[in-house]
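Notes to accompany the following structure.
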Amino acid sequence: MILLLSIPENAPLRNPKTGLLLLGWSPLLSSIVSVICFIFFIPGIFYGVVTKKIKNDKDLMSLLFKSLDGFGAFIVLCFFSSIFISWFSYSQLGIIIAAEGGKFLSTIGLTRLPLIIVFVLFCSFANLFIGSMTSKYVLLAPIFIPMLYKMGISPELTQLAYRIGDSSTNVISPLMSYFALILMYCNKYNKKFGMGDLITYMIPHSAVILVSSLIFLGVWVILDLPIGFGTVNFL
């Protein structure tokens, strides 16, 4: 039925003005959550009836409640996490770290590859205190792109170095969006598993990602290979 309402040229789920289905706004995209829900919900009900798991409405409600089992702890954890993130944002400690770090990098006197490596390490450290990738980039880009540009490092290479540092410590940052969700699933199998345990287990993974990425970046820069079409590493 969804295909019949979407595929024809003047289908009601297309944009009434442009006729597009997946580009821009359309009734299908605006209701995609409901569509996906029914795609899985209706076959699930039929499967439950056929396998005799669902015999009446009480069985259906019991299965629905069972699927949400454990999310209560996640909601409580998100509540306290949101308070922590709000207090941390209010303190502006992340902004202070970024600004002072920018001043430090501009005074250490490094150039080219050593400076890039220090910049990657700084981004990985700042990622522990500023969870959002977009917010962090909006904060760091006006500081470091012009500064590294003056030192002969292209904006493209600066962006690449930023993404390496940002991605390497996501798994150990308590401010990461999915940190609470990961912790909830860990608690599902180990009730005593806490935030410190999760960070401890993830530190080796974070270190391997960071070191291997730095080695790969170093080889790439030493060989002066382009990181994209029509780009240069150094100006």
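Counting only helices (runs of 4 or more DSSP H) that sit wholly inside segment 111-200, those with at least 1 residues that are within 20 Å of residue 212 (Cβ to Cβ) are 112-126, 155-168. If you go through segment 217-235 and pick out every residue that is closer than 13 Å to residue 161 by Cα and at pLDDT 80 or above, you end up with 5. Here residue 213 clears all of (1) under 19 Å from the mean Cα position of the chain (by Cα); (2) over 18 Å from residue 117 (Cα atoms) except the condition numbered (2). When we screen 44, 94, 24 for residues that are surrounded by 10 or more Cβ atoms within 10 Å (Cβ to Cβ), in a helix (DSSP H, G or I) and modelled with pLDDT under 75, the only hit is 94.
Checking each residue in segment 151-199 for being of a type in the set (Ser, Thr, Tyr) and either closer than 16 Å to residue 140 by Cβ or over 20 Å from the mean Cα position of the chain (by Cα) (or both) picks out 154, 158, 162, 167, 168, 169, 173, 189.
The values are calculated or read from the model by the stated rules, or taken from the named source; none is laboratory data. Remember, it's a predicted structure, so these values are computed and weren't measured experimentally. Cβ atoms come from the backbone with ideal geometry, glycine included; neighbour counts cover every protein chain shown.
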